[in-house]
Amino acid sequence: MAEFNRNITIAGYKVRLRLIQPSDAPLLVDLFHQLSSHTIWLRFHQQAERFTEEQILQGATRLSDLDGQRTGAVVATLTNEHGQEEIIGVARFARVHENDTEAETAIVVRDDFQHRGLGKHLFRALAKQAKAAGVTYAFGWVRPENIYLMKFVRRMGVKVESVTEHGERKIRVAL
């Protein structure tokens, strides 16, 4: 995939959207530690206390080293007051096989940037990357109490297919 890099403004902050890179693993660990317990529950479907530091680092390392075809991710970053880059949001897709036209998709945004439109920008950038890789449908597993995600999907104006299995809702949208 060609290099992706775009600047946007969110809540008065200059935010950069770019493809994830292997060197982002420590920034993803920092992002995880800045998420509230509620956000971690909605995104990972587990309580924050259940994650060990080793699991967090392994997950960040795995998420940051993607091939762009079977798996891909876009991050939203800003430069903090110390001149260091911080990740404030990430959107990813993963498909089981490289030729699958459907990919599991997930987005997480740091709590202080939620409900400001960043998720929409991340999803659109990720959809562009996924479509370039041959993905035509995105799906995700949603906790029943995650009303924010369902509102987000409805505001995107896409047709949503939905089934409930094992107490969670699987939503699927065309890209």
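Charges on Cβ only, +1 for Lys and Arg, -1 for Asp and Glu, centred on the Cα centroid of the chain; of S23, S37, A133, which one is farthest towards the dipole's positive end?
My answer, from the dipole projection, is A133.
What residues have an amide H closer than 5 Å to that of I10, excluding those fewer than 5 places away on the same chain, when H is modeled at 1.01 Å from N in the peptide plane?
V15
Report the charge-dipole magnitude of the range 5-174 in Debye, nearest 20, computed about the Cα centre from +1 at each Lys and Arg Cβ and -1 at each Asp and Glu Cβ. Could you put the intermediate results ahead of the total?
Numbers: 24 positive and 20 negative charges, 200 e Å.
Taking the Cα centre of the range 5-174 as origin, the dipole is about 960 debye.
What is the antiparallel percent of DSSP beta bridges lying wholly in the chain, to the nearest 5?
Details: 37 of 40 bridges.
Of those bridges, close to 90 percent are antiparallel.
Once phi is turned into θ = phi - 60°, what whole-Hz ³J(HN,Hα) does the Karplus curve with 6.51, -1.76 and 1.60 give for every residue of the range 156-161, x standing for Gly and Pro?
Result, ordered by residue: 5, x, 9, 6, 10, 9 Hz.
With an 8 Å cut-off on Cα pairs and a minimum separation of 6 or more residues, tell me the relative contact order of the range 5-174 in percent. Could you put the intermediate results ahead of the total?
Values: 287 pairs, mean separation 33.0, N = 170.
Relative contact order here is 19 percent.
Sum up the lysine pairs in the range 5-174 that clear both bars: alpha-carbon distance under 15 Å and a spacing of 8 or more or different chains. Kindly include the intermediate steps, with their values, before the conclusion.
On the way: K120/K128; K120/K151; K151/K159; K151/K170; K159/K170.
Total qualifying Lys-Lys pairs in the range 5-174 comes to 5.
Non-local amide H neighbours of I20 (under 5 Å, H modeled in plane, Pro and chain starts lacking H): which ones?
The list, which skips near neighbours in sequence, is A73, V74, V75.
Starting from 0.36 nm per residue, how many nanometres of slack lie between M156 and T136 once their C-alpha separation is accounted for? Spell out each step's value before the answer.
On the way: separation 20, 0.36 × 20 = 7.20 nm, distance 1.61 nm.
Extra length from M156 to T136 when fully extended: 5.6 nm.
Along the charge dipole of the chain, Cβ charges K/R +1 and D/E -1, which of G117, H82, Y13 sits furthest on the positive end?
Highest projection toward the positive end goes to G117.
Could you check which residue among V74, V108, V158 shows the biggest mean-square fluctuation in a GNM of the chain with a 10 Å Cα cutoff?
V158
Values in this text are rule-based calculations from the coordinates and carry no lab data. Not measured: the values here are computed from a predicted model. All Cβ positions, glycine included, derive from the backbone under ideal geometry; neighbour counts span all protein chains shown.
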